[in-house]
1. Can you pull the semi-axes for the protein assembly as shown, root of five times each eigenvalue of the Cα gyration tensor, sorted largest first, whole Å?
2. Taking a 24 Å limit on the Cα-Cα distance, which of the listed pairs B:LYS372/B:LYS487; B:LYS385/B:LYS475; A:LYS38/B:LYS284 fall beyond it?
3. Using label points projected 7 Å from each Cα along Cα→Cβ, tell me how many nm separate B:ARG441 and A:THR387, to one decimal.
4. Evaluate the Debye formula for segment B:195-235 with equal point scatterers sitting on the alpha carbons, no solvent, and hand back log10 of I(q)/I(0) at q = 0.15, 0.19, 0.22, 0.25 Å⁻¹, in q order, two decimals.
5. At 1.4 Å probe size, what's the solvent-accessible area of A:THR469? Round to the nearest 10 Å².
6. Give the calculated FRET efficiency between A:THR161 and B:GLU69 to the nearest 0.05, with a Förster radius of 56 Å applied to their Cβ-Cβ distance.
7. Enter the accessible area of A:TRP277 (Å², nearest 10), with the probe set to 1.4 Å and all protein chains included.
8. Can you give the calculated 222 nm mean residue ellipticity of chain A, where each DSSP H run of n ≥ 4 adds -39,500 (n - 2.57) and the sum is split over every residue, rounded to the nearest 500 deg cm²/dmol?
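The values are calculated or read from the model by the stated rules, or taken from the named source; none is laboratory data. Being a predicted model, the structure only gives us computed values, none of them experimental. Cβ: placed from backbone, ideal geometry, glycine included. Neighbour counts: every protein chain shown. For the accessible areas, the whole protein counts, side chains as well, though only heavy atoms, and no ligand, DNA or RNA atoms are used. Shrake-Rupley method; radii C 1.70, N 1.55, O 1.52, S 1.80 Å.
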Number of protein chains: 2
Amino acid sequence: MSFQKLDDLGRKLESLEHALSILGADEATHMAVGGGEKRAEAMANLAGMYHAQATAPQIADWIEAARPETEDQTLALAEFRRQYINATCLPTEFVERRTAATMRSEQLWRELRPRGDWDSFLPALEGVVALVREEAQLRADALGLAPYDALMDQYDPGNRTADLDPVFADLKNFLTGFVPQALDAQEARLARRPRKPLNGPYPIDRQRELGLAAMRAVGFDFTHGSLAVSHHPFCGGVPTDVRMTTRYRTDEFLSALMGVLHETGHALYEQGLPKAWSHWPLGKARGMGIHESQSLFVEMQLARSPEFWEFALPLVHLHLGEDAIPGWQTADILSEVNFVQRGYIRVDADEVTYPLHVILRYELEQDLVAGKLEASQIPEAWDAKMTDYLGISTINDPKDGPMQDVHWPGGAFGYFPSYTLGAMIAAQQWAALEQAQPNLRADIARGDFTGVNQWRAEHIWSQGSRWSTPELITKATGQPLNADIFKAHLKARYLA
Amino acid sequence: MSFQKLDDLGRKLESLEHALSILGADEATHMAVGGGEKRAEAMANLAGMYHAQATAPQIADWIEAARPETEDQTLALAEFRRQYINATCLPTEFVERRTAATMRSEQLWRELRPRGDWDSFLPALEGVVALVREEAQLRADALGLAPYDALMDQYDPGNRTADLDPVFADLKNFLTGFVPQALDAQEARLARRPRKPLNGPYPIDRQRELGLAAMRAVGFDFTHGSLAVSHHPFCGGVPTDVRMTTRYRTDEFLSALMGVLHETGHALYEQGLPKAWSHWPLGKARGMGIHESQSLFVEMQLARSPEFWEFALPLVHLHLGEDAIPGWQTADILSEVNFVQRGYIRVDADEVTYPLHVILRYELEQDLVAGKLEASQIPEAWDAKMTDYLGISTINDPKDGPMQDVHWPGGAFGYFPSYTLGAMIAAQQWAALEQAQPNLRADIARGDFTGVNQWRAEHIWSQGSRWSTPELITKATGQPLNADIFKAHLKARYLA
């Protein structure tokens, strides 16, 4: 009876989520420019209805009284309870205060970032940091966790600094030594085999066809999704109708193609979630780290491997023409897609340097939440770590330093580690897969992704939110998060 | 205070409507084929939330207690009350029964219509007719109207058989004589100037550009709307983001272009509604007859006139190429778009014969609601009238006879008259406009639609739902619905 009430509620919430997801995707792809104000009003009101229904006090009683009859129901109820606690642990008064402050701060950031005006932005960020400390404590009290763990738990349930700290420290130490080695190896490789020029322009309609062919090949289900264009690529929509986007430039085609493959990784996860539980938290994607592991599995593990390009190079010729990349072979493509370069900007970083950008933020935001660091001290602390980890200074360039990401202005603390967690999980899945399927690389070289997808469907996608993030890693790959696997992957790819 | 409560409620309802409108448009244009089931579930749940919020009992108290302070508020409250009564006058038990029956009947109709299986369909239609009689009586009791008037009032508030019967009878008598005259005149014209061949194929992207140019010319605001493709053309979305669609064939271009112009007429109305009242019934389009008058104003009055084609013929050459319609002049286009032909199918009918299709249905459905006619008698009654009005028989062809429309299977009785009402209002608006703006035809020939749109914005669009349909006709055109104007329009166009 109570279980049925939760089930009914879930269907209503799913419908509101459906509307919000499709309206969000539509806004980025097909909305008329003058439609934004009413769209924002509609989405805010729908989100309000969602929140009111999802946090109604009687739900606590339903959860208490529910008597699950199967293991699935037991897990579903536990995840429902967890999400209900997360959704209700902040007083309404606090949520309103925080929402107003982060909205203002994010708007201010958008205005000030282009000119790198840190000083004007600082007061707003100080306000956000104060609220985040308050929020972390409120969540910590409700969940019985340490404050920063309570923040991370929103994005990847089960993530704990006690587990991540040593793994990230290990990885950081490895990478500070590895980056120069990888750069040296790259220089030597390029001396032997110089980078080849592109032969654009690449018409958008042909790039689109190439992207669609790549999506289809790696398993995207076009009866439950589509590809459009938007300024910022994303994977949105709903599992039965995944809305992927990309953006095109005509002077080169690899950024759009790799972006499409990244988003396809997200899309496959959504399309593979357990349908019978789609209206329960249990049936939804586990969290940000696991989601990112699925996109990075496709983008980094699959689509930056030599075997993938054995299959994909003819596809490029087919869709872009024989002269699109004249004389290029697999090794030339690999040089491009696996190019390593130290840089300021996280989102532009390659696979090797990216984790250092993340670990820097992970360390800083722990100190910010703990009160060991103040917002005013960020630029110096940021610069010290950038210099230490990547050997580059941003002290005179806040725009491309601590002002580069939307996360902190928007109050999203505890999110950054999920990116590198995702990269490590992706490598760990690949290793497990390769052990389970000895023909893996040969299959990929033939463009056969059936085995890859079956394994992931079984071990990841169909699991929804049955397990915490660390539990899911262990169940899927046979061991807890293990930095050695990611390190071995980097060595094999970049020092060979 | 109470007024404010209604205002707040209006904003929530507007947001749900926004979601439903955009989800509906998205479904027809961009949804993946496998997304339909969840989309239907989401829309049904959102519609349920809308209904629950729009019919809550406390609203009656708010309406009662509201003290409007301006004329606008007085009109807004009156329209709110009218819609609340319309939305709450049917018992929930009845609505559920009717919804289930009409959904089944409509599904059955979709299945049986292709093979014209009237006998298998009849029991379902009999059930619908019984429910419609019950509904008409319930509405009649709540509104203090005659049963059929109460049904019409949903679509065009103020429509009464007492007013329409003589007008439609007059029109019918005129048309039964006029159709043969128009056909004779057409034959004579075509003998002098034979129809010219088309020179397709017409590529879809060029047709799209032509359609966009025509939309822009007649005043469509592309900052608040767009054009896409769907199987059945429609004008949906919301006033700040109107979603228009068309469909293309490549052997000819006029059907898509005239369809685009028709939908643009609907779109201009939506875009011109009073923005400050967009969350009140007052700020919404008046009804189906007025809406159709706006689409037919553009499609029939404007875009089938010689002056329009003086302006538009070069546009065709510009977008489709100089050889697209070799040697065609304005008179040749007019022969095509104003071609008259007796036929079975209402939606394929031309401007001259269309009203006879509608009047036939108007007469039959009055008798059905009144119990003077049973569903089983429809085929014979239909055939008698078709033979009488248009001289063609459908007795052996129910598919193209009484099974051709979705309205009756779906339970929509009282809707048909709005189509012809719209055509007559459109002609009456044109006459009023021509009196107010002596340069009207010259302006149109130059592609200047400013005056046309200013007049319509002032007299129709900005009026929203301030007045009943007959009131709006009189206020806008200076006189009540007058069949003579429509008759004069037909004579001028088809006997000249």
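1. Values: eigenvalues 688, 239, 151 Å².
Semi-axis lengths for the protein assembly as shown are 59, 35, 28 Å.
2. B:LYS372/B:LYS487; B:LYS385/B:LYS475
3. In this crude spin-label approximation the distance works out to 8.4 nm.
4. The computed values of log10 I(q)/I(0) come out as -0.49, -0.72, -0.87, -0.99.
5. It works out to around 0 Å².
6. Values: r = 60 Å, r/R0 = 1.06.
Efficiency, rounded to the nearest 0.05: 0.40.
7. Around 40 Å² of this residue is reachable by solvent.
8. Rounded to the nearest 500, the figure is -21000 deg cm²/dmol.
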